[in-house]
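One structure below.
The values are calculated or read from the model by the stated rules, or taken from the named source; none is laboratory data. This structure is a prediction, so every number in the text was calculated from the model and none was measured. Methodologically, a virtual Cβ is constructed for each residue, glycine included, from the backbone with ideal geometry; neighbour enumeration extends over all protein chains shown. We work out accessible area using only protein heavy atoms, side chains counted, and drop any ligands, DNA or RNA first. Shrake-Rupley method; radii C 1.70, N 1.55, O 1.52, S 1.80 Å.
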Amino acid sequence: MNAHGSPLALTPEASLNRMPVVMTAQDTPRPARYWVSTPALLSLIHEHNPGDERSVRQFLTTFDAREDADQRILETFANRLICVIRTAQTGQAWAHGSDFQRDYARYWQTCETLVLAGGLTSGDFGQQLAQRLETALAPLNVLVSPWAGQTGLVGLAQHYGSADPLVVMDFGATGIKRGLAYHHGNRIIPLPELTVDHWLDGQGLFRGEAFRAVLKDTREHLDGRLPLAISLACYLDQGHPHDYHSGVYHRLIDECDHLATTLHQQWLPGAGFSGLALLEHDSTAAALAFRFSRPAMMVTLGTGLGVGVCPRHEGF
């Protein structure tokens, strides 16, 4: 079992979600997630095209840059994301914090490549978004993941690198993606996605009982006892959630002394899996799908704004 997977783990102090961003001199600082996230994009759809009843998923599927309303939505969203990345590049949000935060600020300032992933980067919208960022943020190289919202699953599978089948699961803020990976992660067969809200308790939290129920549901789609690699929308400290109040998964710390160990020894065998192959923060899992020789960062765009450090050949 590899509890944390890589030396690239970030802490809650690295959050872009909560990083204060000011768009114009007239604006008050707002967390970055206010400007660039699924709810933010939905708000722009309604603002720029009143009466547009498309969901975000439908908008991404039908996006057409030749349509004036779609073009305006793209331009506004791109300008917001450019401002968010520029704010991160200054490092000001972390420059006067802990040693970790100061190192993190310096990493942003030396970053040469930015990879965009997550559900909001799918299709032509994601490609055009990346093009606008690269033009505005030169000399920063901007790439878009070919796997969009599935990038975390690919990162888990390819990092583990098993020639044998591996189950991969991404526990996100709103959805749980699942797949069966083959051939060192180069092929992933998707399994039905689940909605997180269905499994939350009365306090809006995802508890151990729900985790075990999702594992059992996943096992019903499989033949045989297989290892499982998991990414979680929660910052992890050596395989256990940090004690911080954000998202729906952080209170799993109340369910066990060490999450990775409990998964490997109890919850996974109890659900019919052979054990835990990997447990990782979701954006770091996405970053594991890419490797660069120079400093590079992964930013995932979805329900929130995630960040992960892409591995380097010679280490971070």
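Is at least one residue of region 267-276 surrounded by fewer than 20 Cβ atoms within 10 Å (Cβ to Cβ), at positive phi and in contact with a His (Cβ under 8 Å, 6 or more places away or on another chain)?
Going through region 267-276, the residues surrounded by fewer than 20 Cβ atoms within 10 Å (Cβ to Cβ) turn out to be 269-270, 272, 274-275.
Now drop any that are not at positive phi, which leaves 272, 275.
Narrowing further to those that are in contact with a His (Cβ under 8 Å, 6 or more places away or on another chain): 275.
Taking every residue of region 267-276 in turn, at least one turns out to be surrounded by fewer than 20 Cβ atoms within 10 Å (Cβ to Cβ), at positive phi and in contact with a His (Cβ under 8 Å, 6 or more places away or on another chain).
Tally time: how many residues in region 10-62 are of a type in the set (D, E, K, R) and in a loop (DSSP other than H, G, I, E, B)? Steps first, answer last, please.
Of all residues in region 10-62, those of a type in the set (D, E, K, R) come to 13, 18, 27, 30, 33, 47, 52-54, 57.
Filter once more, so that each one left must be in a loop (DSSP other than H, G, I, E, B): 18, 27, 52-54.
The qualifying residues number 5.
Considering only region 63-162, give the helices (runs of 4 or more DSSP H) lying wholly within it that have at least 2 residues that are among the aromatic types (Phe, Trp, Tyr) and crowded, with 16+ Cβ neighbours inside 10 Å.
On the way: elements: 68-90, 99-110, 123-137, 151-160.
Qualifying helices (runs of 4 or more DSSP H): 99-110.
Just the residues that are closer than 23 Å to residue 16 by Cβ and not in a loop (DSSP other than H, G, I, E, B), please, taken from region 247-266.
Here is the first cut: in region 247-266, the ones closer than 23 Å to residue 16 by Cβ are 247-253.
250, 251, 252, 253, listed by residue number.
Name the single residue, out of those in region 246-261 being farther than 19 Å from residue 226 by Cβ and open to solvent by less than 20 Å² (accessible area, probe 1.4 Å), that is farthest from the chain's Cα centre (by Cα). Walk me through how you get there before you give the answer.
Step one: list which residues in region 246-261 are farther than 19 Å from residue 226 by Cβ, which gives 246-259, 261.
Subset that is open to solvent by less than 20 Å² (accessible area, probe 1.4 Å): 249-250, 252, 256, 259.
Details: 249: 14, 250: 15, 252: 19, 256: 24, 259: 19 Å.
Across region 246-261, the extreme among qualifying residues is 256.
Find the residue count for region 291-316, including only residues that are closer than 30 Å to residue 55 by Cα and open to solvent by 10 Å² or more (accessible area, probe 1.4 Å). Spell out the reasoning first.
So the first thing to find is which residues in region 291-316 are closer than 30 Å to residue 55 by Cα, and the list is 297-308.
Keeping just the survivors that are open to solvent by 10 Å² or more (accessible area, probe 1.4 Å) gives 300, 302-304, 306.
So the count comes out to 5.
Yes/no per residue for (1) of a type in the set (A, V, I, L, M); (2) over 29 Å from residue 14 (Cα atoms):
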position: 194; (1), (2): yes, no
position: 205; (1), (2): yes, no
position: 208; (1), (2): no, no
position: 220; (1), (2): no, yes
position: 224; (1), (2): no, yes
position: 231; (1), (2): no, no
position: 238; (1), (2): no, no
position: 272; (1), (2): no, yes
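For region 216-246, enumerate the residues that are of a type in the set (A, V, I, L, M, F, W, C) and either in a loop (DSSP other than H, G, I, E, B) or modelled with pLDDT of 95 or more (or both). Steps first, please.
Quick first cut of region 216-246, residues of a type in the set (A, V, I, L, M, F, W, C) only: 222, 226, 228-230, 232-234, 236.
Correct list: 222, 226, 228, 229, 230, 232, 233, 234.
What number of residues in region 175-215 are in a loop (DSSP other than H, G, I, E, B), of a type in the set (Gly, Ala, Ser) and either touching a helix residue (DSSP H, G or I) at 6+ places or on another chain (Cβ under 9 Å) or within 20 Å of residue 148 (Cα to Cα) (or both)? Give the steps one after another, and end with the answer.
So the first thing to find is which residues in region 175-215 are in a loop (DSSP other than H, G, I, E, B), and the list is 186, 200-207.
When the remaining residues are screened for being of a type in the set (Gly, Ala, Ser), the result is 202, 204.
Okay, now just the ones that are also either touching a helix residue (DSSP H, G or I) at 6+ places or on another chain (Cβ under 9 Å) or within 20 Å of residue 148 (Cα to Cα) (or both), so 204.
Result for region 175-215: 1.
Those residues that are under 20 Å from residue 119 (Cβ atoms) and surrounded by 20 or more Cβ atoms within 10 Å (Cβ to Cβ), I need them from region 19-33; list them, please. Reasoning before the result, please.
Taking region 19-33 and keeping what is under 20 Å from residue 119 (Cβ atoms), we get 31-33.
Listed by number, the residues that qualify are 32, 33.
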